[in-house]
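Working notes, beginning with the structure itself.
Every read-out reported here was derived from the displayed coordinates using simple, explicitly stated rules and does not represent laboratory data. Bear in mind that the values here come from a model prediction, so they are computed numbers and not experimental data. Glycine gets a Cβ as well: all are built from the backbone with ideal geometry, and neighbour counts include every protein chain shown.
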Amino acid sequence: MTTETVTSETLVMPPATDPSHARSPRVRQLLVDSAYTVLSFPIGIAGFVLAVTGVAVGVGTLVIWVGVAVLAVTLLAARGLATIERAQLPAVLGAPVPRPAYLRPDGGRVRRLLTPLRDPQSWLDVLHAVLRFPLAVLAFVVTVVFWAVALGGLTYGLWDWALPQEGNEDLFELLGFDGGSLLRVAGYSLIGLLAAIALPFAVRAVALLQAQLGRVLLTSRAATQAEIGRLSRGRDAAVAAEAVALRRLERDIHDGPQQHLVRLGMDLSRAQRQLDRDPAAARTTLTEAGVLAREALEELRALSRGIAPPVLADRGLPAALAGLAARSPVPVELAVDLPEERPAPVTENTAYFVVSEALANVAKHSGARVCRVEVARSGDVLRIVVEDDGDGGALLVPGHGLAGLADRLRAVDGVLTVDSPRGGPTRAVAELPWP
């Protein structure tokens, strides 16, 4: 582990787990799964009848154009049932599911009527209504049977006396056991106990089977759309961040090294003219030119460090950040806790850029007396925290310096959050994936 600053941490033991808290989620999940499978049965029947009947009638009447309207209504109804299913999936799957973006009606009446027929997700909704029906029947039967056997068996001793015994043969008598009512109560109670033990697993299995079908048909396309949108936004953010960086680099070169080099050229020309008639003045001019050359070189080195310093490639992120902290006008408390394994170059470059820009903002705008930088890996995330005791009021809005940081992070699937109330302090947290 690479550690720049070692801090003491108080180890807190986790509280003892209460068995009731451990059981509560299981019971809640059982009730959710049971409600899902029971409610899905009538909805599945309605969806199957609607899909099969609507598609059959619509296709059969396409020749007289009535079928177009029938198919459109069928697809819209299937969309409504699919919306109900998507609302139930997060509770069963234990994770949120994306919602697809359906085509919006536009154009004339005919084009608006044909909009559902042109939407691939609408046809997936109809396909789900058809394929869901056998799974809904299976899930309903399994749920009802296991609940009935478990409850009936466990409570059999309470109502065995009410059953007529004359001419009635129970399960054990049919199997050749004649142990009387005691054997009957014990046997049925044991069966109920076994069913109760298997109940959560059986109901969970059929609920997941049905929910996975819904996830594949009703949300996979939406997930693909969301991923495409995320990648598109990341690309746009990368282009915007690169454009901002190039404009800033051009401005810095123009305002710094370029001015010094122009002045250096003028001084050298003047020294050349003075060399014959006034050697002392020429030496003075050459001395000034040397100072300008050194200043231009230092500024060029500073600009190169802001882009990608050699120490970052040679010695890694901790050494590069230590150099940044040493050059900062505001005193910096640096704490770096990273494994020996180095991240991908794009991750290192982005992390260096974030810290460099954050420290530059602190020096220019915050009025802070001290700044603290923490860089650590948490699972598959590289977390960077920059906090100062300045005046606050930093805004993460377009046109401000922090917007460029947010774009740079978004380009690598990172996020930036800023907490900067008026009067301070300012706390910026950047998180980017560790490939």
Notebook entry, point to check: Long-range amide H contacts for LEU334: which residues qualify at under 5 Å (H placed 1.01 Å from N, peptide plane, sequence gap of 5 or more or a different chain)?
Noted result: VAL373
Next item on the list: Would you please put 44-50, 363-369 in order of how densely packed they are, using the mean number of other Cβ atoms within 10 angstrom per residue and starting with the highest?
Entry: 44-50, 363-369
Next item on the list: Estimate the FRET efficiency between ALA335 and ALA186 by the formula 1/(1 + (r/R0)^6), using the beta-carbon distance for r and 60 Å for R0, to the nearest 0.05.
Entry: 0.35
Check: Once the piece of chain linking LEU76 and ASP278 is laid out straight, how much longer is it, given 0.36 nm per residue of separation minus the C-alpha distance between them?
Finding: 63.3 nm
Next item on the list: Highest first, please rank the peptides 320-329, 263-272, 406-415 by the mean number of other Cβ atoms sitting within 10 Å of their residues.
Entry: 406-415, 320-329, 263-272
Next item on the list: Starting from the Cα of GLU288, step 7 Å along the direction of its Cβ; do the same at THR53; then give the gap between the two resulting points in nm.
Entry: 9.7 nm
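Could you work out how much longer the chain between ILE84 and LEU209 gets when fully extended? Use 0.36 nm per residue separation minus the Cα distance between them, nm to one decimal.
On the way: separation 125, 0.36 × 125 = 45.00 nm, distance 1.72 nm.
Net length gain for the segment: 43.3 nm.
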Notebook entry, point to check: Between VAL137 and VAL27, what is the label-to-label distance in nm when each label sits 7 Å out along the Cα-to-Cβ direction?
Noted result: 3.5 nm
Check: What is the set of long-range amide H partners of VAL381 at a cut-off below 5 Å, with H atoms built 1.01 Å from backbone N?
Finding: TRP434
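Which FRET efficiency value, to the nearest 0.05, do you get for ILE197 and ARG251 by plugging their Cβ-Cβ distance into 1/(1 + (r/R0)^6) with R0 = 45 Å?
Numbers: r = 72 Å, r/R0 = 1.60.
That pair, ILE197 with ARG251, gives E of 0.05.
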